[in-house]
Amino acid sequence: MVATETTTDVLLAAFENSKASAGPTWLHVLRAQALDAYREAGLPNIRQEEWRYTPLTSITRQTWRVAPPDAGATLRLIDIARLLPVGMEAPRLVFVNGRFSTRLSTQGRLAAGLHYLSLRDALESKGPSAKVVQAHLARHAEIESEAFTALNTAFFEDGAFIHLERGHDLSQPIQVLHLNVASEAALSQPRSLVLLDEGSRAKLIEIHAGIGNAPRLQNSVCEIVVGERANLSHLLLQHEDDAAVQINMHRARVDKGGAYASRVFSLGAALTRNNAHCVLNGEGAEATLGGLFLGRGTQHLDNHVYLEHAKPLGTSRQLYRGVLDEKSRGVFSGKVVVRPGAQKTDAQQQNNNLLLSDDAQIDTKPQLEIYADDVKCSHGATSGKLNEEALFFLRSRGLAEREARSLLTYAFCAELIEAVKPETLRDALAKLVQARFE
Amino acid sequence: MPTPLLEIKDLHVSVEGTEILHGLSLSVNAGEVHAIMGPNGSGKSTLTKVLAGHEAYQVTSGSARYKGKDLLALEPEIRAREGLFLAFQYPLEIPGVSNTYFLRAALNAHRKHRGQPEMDAAKFLEVLKEKAKQVDVDPALLNRPINEGFSGGEKKRNEILQMLMLEPTLGLLDETDSGLDIDALKIVAHGVNSLRSKERGFVVVTHYQRLLDYIVPDYVHVLFQGRIVKSGKKELALELEKKGYGWIEEELAAANPGSVKV
Ligand SMILES: Nc1ncnc2c1ncn2[C@@H]1O[C@H](COP(=O)(O)OP(=O)(O)OP(=O)(O)O)[C@@H](O)[C@H]1O
Ligand SMILES: [Mg+2]
């Protein structure tokens, strides 16, 4: 843990010299609390149940610094175009190393009722957004129990602020790109808020990507509130590689009659830990959570899902699929909790894994905790190899073995990809995933 | 004598260490249709799968030559591209892989192997629709994943559709008739007959003489305990239908005491 202490000190020094240390008093207080909480807890370790399968050596073996302000200054639009699955037309907020890039972002024609800007701009704004930030920031994510959230809260510089007012329906998806670029080991900690007021609807595409060979650690936190009868469709594309370590916390609250759909596509990183935490906080709320995680080499992909039915008549669907090749390792831990009184809950959870090599490994732990009696809950997990009979069938029709394998591997992923809308986004994802298996 | 299309000599095949075929020999010339009948578990599907190149079936001795070449040395996909086709007894469902996509990829692999250009999507769909009609397969089914949610009969017709698209030189049909209603049986038989030519050969595995009313064979063989123990003309099928396999067992026992468990 020596390296970690150093990292904290380095961060503290960097923070005190940065613009992030400005800001309202309430935020200073919050940051100080968070730093205390982080110092108290330290980084998680494998002796803790929630981190049993995910050692953090790729984090602890070096000291992390925040990237210098000019890192990524030479990035051109063309460099980011290929990272945007729905292209340059849709509005986008671009963050380079956790800092807002006005130059690379575009608001498009701002839809009515939409506040769509950087969190720091929201904090500094004279309008109502500053109050909204104060009302929500760190009100959903926990700093006491989550060390990484505490670290992010203490030191974040910026992130996306998306607030859609009551009753508005966005026709176009909005994009948020978190790009990490550095010439030496760098840490970024984006912090975002996504708030949908009553009856509003939006589609959000969040992209995590990196450029270059230097180690990149991204510790992001995103707090999401889906208001009464609101509807948020959230797609997260993690387009990273072996230089990246990704720790993500998505913390969502869904109010009465609201619906939240989240799909995470993780194309692999040295280490990815995705925490999805979702509370169905009002009657009849719905959550559809899913993800596809693809590992190769010695990559490690960990999906931790916590889904809580706090109120009656909620529906939740979870489908997570992992494809692990070579010596990669996957973890799925999914807990569904049904609180007392959350009657007529309908919850399903499914995790399927495909192991493409004898050295690949998956640890899967689906769990149900039910404290109500009138509920319908199911869960299950499977792990296996490609179906040899299907492989033989395709070859017996003339397909090369490689092609047959790639077709069947893609087929394993197809259900998650096919559910994606709009079509342009689905096709872009299909291409990315297909390319992985060619 | 011309080179036979398929020539199997003294073939021994094991699955997981157990020998299933105990020295099987069979010769099929271009232009011929051979029917293979035999009791359950006698090794009919084993024969068709080993010819198609299934890795679970190990050839321990003997040979199989196709168009004069060593068939057993070829990968399954090369056998297919060289014109060998197996219609499976139990067609698999393959979720996530569309019929149309896979079949076009297969056809283009064949064409590439023959040095022909790829068939474009529009032309392919046109041909596919026409052949689907021929075997009475609803084109809407073809956008679905392979055999997913297909009825038993639809699966069998889909096998024949694939055969019509790939136009093999040697067709191996493993109980394509089982599970078909009488109309479907005629449709399937018609599909097979439409491919019959003096360049092509077929090996048709069946339990029922009825199929052979529609696909009239040149020869009928009885596969029994891993060997072909009797061969004849199409009348043999009628005799089997009437008398079952008991008399063959008795004949064998009489000719070769101790070799067959009665
Ligand atoms: N993959 C396999 N693993 C283990 N045993 C097998 C396998 N395939 C075939 N066998 C065995 O080999 C024997 C012959 O099976 P095969 O399927 O070839 O018979 P068949 O003549 O096609 O029978 P049917 O008329 O019932 O289709 C059987 O005893 C079967 O159990
Ligand atoms: Mg059989």
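Points to keep in mind about this one:
- With a cut-off of 11 Å between beta carbons, the residues surrounding residue B:168 carry a summed charge of +1, where Lys and Arg count +1 and Asp and Glu -1.
- Net charge contributed by nearby residues that have their C-beta within less than 9 Å of residue B:95 (K/R +1, D/E -1): -3
- Sequence-distant contacts, meaning Cα pairs under 8 Å at least 6 residues apart, place the relative contact order of segment A:10-282 at 17 percent.
- Only protein heavy atoms count here; under a 1.4 Å probe, residue A:405 has an accessible surface of about 90 Å².
- Inter-chain Cβ neighbour average for residues B:92-101, partner chain, 10 Å: 5
- The lysines whose alpha-carbon is closer than 25 Å to the alpha-carbon of residue B:129, local same-chain residues fewer than 8 away aside, are B:112, B:155, B:156, B:186.
- Our note on the geometry: Cα centres of segment A:41-71 and segment B:126-198, 58 Å apart.
- For chain A, calculated [θ]222 nm from helices alone, where every DSSP H run of n ≥ 4 adds -39500 (n - 2.57): -7000 deg cm²/dmol
- Computed over chain A, the ratio Rg/Rh where both radii use C-alpha atoms and Rh is Kirkwood: 0.95
- Within the same chain, lysines fewer than 8 places from residue B:69 are excluded, and of the rest, those with a Cα less than 16 Å from its Cα are B:9.
- Summing +1 for each Lys or Arg and -1 for each Asp or Glu among the other residues whose beta-carbon sits under 11 angstrom from that of residue A:277 gives -1.
- Where only alpha carbons of segment A:386-438 are counted, the Rg and the Dmax (Å): 12.3, 36
- Shown here for segment A:49-90: GluC sites (Glu not before Pro) in loop regions (DSSP other than H, G, I, E, B) with at most 13 other Cβ atoms within 10 Å, namely A:89.
- Spin-label pair residue A:73/residue B:251, simplified geometry with 7 Å Cα→Cβ offset, distance in nm: 9.4
- Average partner coverage of A:397-409, which counts Cβ from other chains inside 10 Å: 6
- For peptide B:45-55, the mean count of partner chain Cβ atoms within 10 Å of a residue's Cβ comes to 2.
- When both segment A:366-392 and segment A:249-306 are represented by their alpha-carbon centers, they are found 17 Å apart.
- Residue A:47-residue A:363 FRET efficiency (beta carbon distance; Förster radius 25 Å; 0.05 resolution): 0.95
- Once C-alpha pairs closer than 8 Å and six or more residues apart are averaged by separation and normalised to the residue number of segment A:135-274, the relative contact order reads 23 percent.
- Surface composition of chain A: carbon and sulfur atoms hold 48% of the protein heavy-atom accessible area at a 1.4 Å probe.
- Lysines with Cα under 22 Å of residue A:431, excluding same-chain neighbours fewer than 8 positions away: A:203, A:421
- Residues A:369, B:75, ordered by accessible area of protein heavy atoms at a 1.4 angstrom probe radius and largest first, appear as B:75, A:369.
- Relative contact order %, chain B, counting alpha carbon pairs below 8 Å whose residues are six or more apart: 26
- Size-normalised alpha-carbon gyration radius of chain B, reference 2.2 N^0.38 Å: 1.02
- Between helix B:152-166 and chain B: long-axis angle, C-alpha atoms, 0 to 90°, nearest 10: 70
- Segment A:311-383: chymotrypsin sites (Phe, Trp or Tyr not before Pro) in DSSP coil with no more than 16 other Cβ atoms inside 10 Å: A:371
- For residue A:74, solvent-accessible area (1.4 Å; no DNA, RNA or ligand), Å²: 120
The values are calculated or read from the model by the stated rules, or taken from the named source; none is laboratory data. Since this is a predicted model, take the numbers as computed values, not measurements. For neighbour counting, all protein chains shown are included, and Cβ atoms are generated from backbone atoms with ideal geometry for every residue, glycine included. Heads up: the accessible areas ignore ligands, DNA and RNA and are worked out on the full protein's heavy atoms, side chains in. Shrake-Rupley method; radii C 1.70, N 1.55, O 1.52, S 1.80 Å.
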